[in-house]
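The values are calculated or read from the model by the stated rules, or taken from the named source; none is laboratory data. The structure displayed is predicted, hence computed values, not measured ones. Glycine gets a Cβ as well: all are built from the backbone with ideal geometry, and neighbour counts include every protein chain shown.
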């Protein structure tokens, strides 16, 4: 029992600790960190992609309107445009104005209207079929009404978005006003209306720029996921005419689906590596425990050997007990071992030593230690608040437990012991305490077998009395 106790102390203070718990904790933390980082990173990628799609979409919409406004104003404020319209030269009007819609990407449609907003000329991109002005007029009415309230001399245009039967377009309207507008009758100034249709081709270009697919137009207020992936389209009167919506980004989700098997494989590898490392370290730990047990254990009796006793003397609890005068040493010597070996053989002698070791271990309490110094000498280390009294009780139990034959082969033989006790005084070294117990044992040997003697200072100054024990060890 005491021997197991010292091994547990050695394990706590000298042997390596178990590694399985810490290593699996490391594996769990590393795997969790990797999984969380991958998941958070891909979620963040989708968030960045969503923000990027919104920024690019709004920028493209704004650029579409700005470019349309700029080109419409360039044509409207060109003096030659006004003069051509006044002359009514259809071919010249087409060549200098209408070709902007028919032969370039500046406009999809151009309308030239009278001051009363009646259609004068209409042009559209070659190869495209768009509704004529009569069909488009309801969608343009708000912008034209607003333009009507702006004097031509202010050189202001009206821009915005409009929709007709679910088809959306950007538009700009402006008075066709030359730089000599002050000399004109403003009641005769015509109107130029430029349109860019937000058709599939425009959406394709937007998708390429924003790296985002799934664009669509709707007049319904977005709900659900489209709340974050939508931008409003306002008309010339600053009223909502619809919304441009797009699918939630899936780049992060797709990446997560692609890399997650690999990440799970890495996590499994980390766990396996930690498991193997734990098995290795535990094997090393067990080997070290076994080596320590062999190094500190007497192979015959199973109690501590001299090396184990030396370790006990170096423990902090031993030093503290000595300093606090809470420890005593019981030194036990078995008399007559040599005669026993000579008469009955070493097997019987070994049985006697084993029986004595068992009696000593049964006599001490948990937390005390038993060690064999060699030959027939044993030591018990007793920790107690009253070490003198505690050691005395241990000595009495030892004597009682050895007052019976120890082997069937020699039923008439009992263990004869000499016992010496030394009690720490608080200012004594371990080696000195052990020497005092040894000296007390010799005084006990000379006084008679199976008796305990306490060390006194006079023992160091008086000769030993005549021995009452036959020296046969």
Could you list, in sequence order, the residues of the stretch 205-248 that are in contact with a strand residue (DSSP E or B) (Cβ under 6 Å, 6 or more places away or on another chain), surrounded by fewer than 16 Cβ atoms within 10 Å (Cβ to Cβ) and in a loop (DSSP other than H, G, I, E, B)?
219
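Just wondering, is there one or more residues in the stretch 169-180 that are without any contact (Cβ under 8 Å) to a residue 40 or more places away in the chain, surrounded by fewer than 21 Cβ atoms within 10 Å (Cβ to Cβ) and assigned by TED's automatic domain parsing to the domain that holds residue 61?
Of all residues in the stretch 169-180, those without any contact (Cβ under 8 Å) to a residue 40 or more places away in the chain come to none.
The answer is no, given that none of the residues of the stretch 169-180 is without any contact (Cβ under 8 Å) to a residue 40 or more places away in the chain, surrounded by fewer than 21 Cβ atoms within 10 Å (Cβ to Cβ) and assigned by TED's automatic domain parsing to the domain that holds residue 61.
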Return only the number of the condition from (1) at pLDDT below 80; (2) over 24 Å from the mean Cα position of the chain (by Cα); (3) farther than 30 Å from residue 313 by Cα that residue 81 does not satisfy.
(1)
Sole exception among (1) touching a helix residue (DSSP H, G or I) at 6+ places or on another chain (Cβ under 8 Å); (2) over 19 Å from residue 440 (Cα atoms); (3) crowded, with 17+ Cβ neighbours inside 10 Å for residue 332, by number
(2)
Scanning for something assigned to a loop (DSSP other than H, G, I, E, B) and either modelled with pLDDT of 85 or more or within 30 Å of residue 166 (Cα to Cα) (or both), does the stretch 250-257 turn up at least one residue?
yes
Residue 187: assigned to a helix (DSSP H, G or I) and over 20 Å from residue 86 (Cα atoms), yes or no?
no
Across the stretch 268-316, what is the total count of residues that are modelled with pLDDT of 90 or more, under 25 Å from residue 326 (Cα atoms) and part of a loop (DSSP other than H, G, I, E, B)?
2
Conditions first: (1) out of contact with any helix residue (DSSP H, G or I) (no Cβ under 6 Å at 6 or more places or on another chain); (2) exposed (fewer than 13 other Cβ atoms within 10 Å of the Cβ); (3) modelled with pLDDT under 85. Residue 100 passes all but one, so which condition is the exception?
(2)
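Of all residues in the stretch 335-363, which are touching a strand residue (DSSP E or B) at 6+ places or on another chain (Cβ under 8 Å), closer than 14 Å to residue 399 by Cβ and surrounded by fewer than 23 Cβ atoms within 10 Å (Cβ to Cβ)? Lay out the reasoning, then the answer.
First, the residues of the stretch 335-363 that are touching a strand residue (DSSP E or B) at 6+ places or on another chain (Cβ under 8 Å): 335-336, 352-353, 356-357, 360-361, 363.
With closer than 14 Å to residue 399 by Cβ added as a condition, the list becomes 335, 356, 360, 363.
Scanning the stretch 335-363 gives a single hit, 335.
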Among helices (runs of 4 or more DSSP H) entirely inside the stretch 66-155, those with 1 or more residues being assigned by TED's automatic domain parsing to the domain that holds residue 239 and under 16 Å from residue 171 (Cα atoms) are 99-102, 133-148
